[in-house]
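Notes follow the structure.
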Amino acid sequence: MAKYKDFTLSQSDYDSTAEYTDNDALILAIRNILLSRPGNFPFNPSIGMDIEKYKFDLLDDQTISNIQTELNRQIAEYMPDLQNIRVSVKAVTGDDGNTYLGILVSTTMNGDIVDANFLLKENDDNVKIYGGTLDVYNEIN
């Protein structure tokens, strides 16, 4: 039986849901931590780090360290059974001259190594997130 489960809603003719388990659910959970604001989940009001509060064009060493520390804390608190968690955060300058936030989360689950790469871009005070390993979430608005 899967330890982690998550669901997504698809906008289709059938208004269907898709179920994700284990590695894919873990990637969705990390994405939810990044994009959620504290208070969004009534039964876990402190989950979420509100990544939108950081201005990506001002990514200095202190800001990157704060993001990395907060993401590590959130993962440790809300996914305590994960082992060997490694979080790497860095500023990435794209070919277009814009600054992006690159995040790599690596962990061990069920004996398998799971890597989730995210690239976040600020655009008009909204954050777009690219990455993970799920085809459905290659680009999330």
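Quick notes on this structure:
- Test for residue 130: is it touching an Asp or Glu at 6+ places or on another chain (Cβ under 6 Å), modelled with pLDDT under 90 and farther than 17 Å from residue 37 by Cβ: yes
- Members of the range 42-56 found to be part of a loop (DSSP other than H, G, I, E, B) and among the charged types (D, E, K, R), listed by number: 50, 55
- When the range 58-104 is filtered for residues that are part of a loop (DSSP other than H, G, I, E, B), open to solvent by less than 50 Å² (accessible area, probe 1.4 Å) and more than 27 Å from residue 124 (Cβ to Cβ), the ones remaining, listed by number, are 79, 82.
The values are calculated or read from the model by the stated rules, or taken from the named source; none is laboratory data. Note that this is a predicted model, so its numbers are computed, not measured. When we count neighbours, we look across all protein chains shown, and the Cβ atoms used for this are built from the backbone with ideal geometry, even at glycine. In case anyone asks, the SASA skips ligands and DNA or RNA and just uses the protein heavy atoms, side chains included. Shrake-Rupley method; radii C 1.70, N 1.55, O 1.52, S 1.80 Å.
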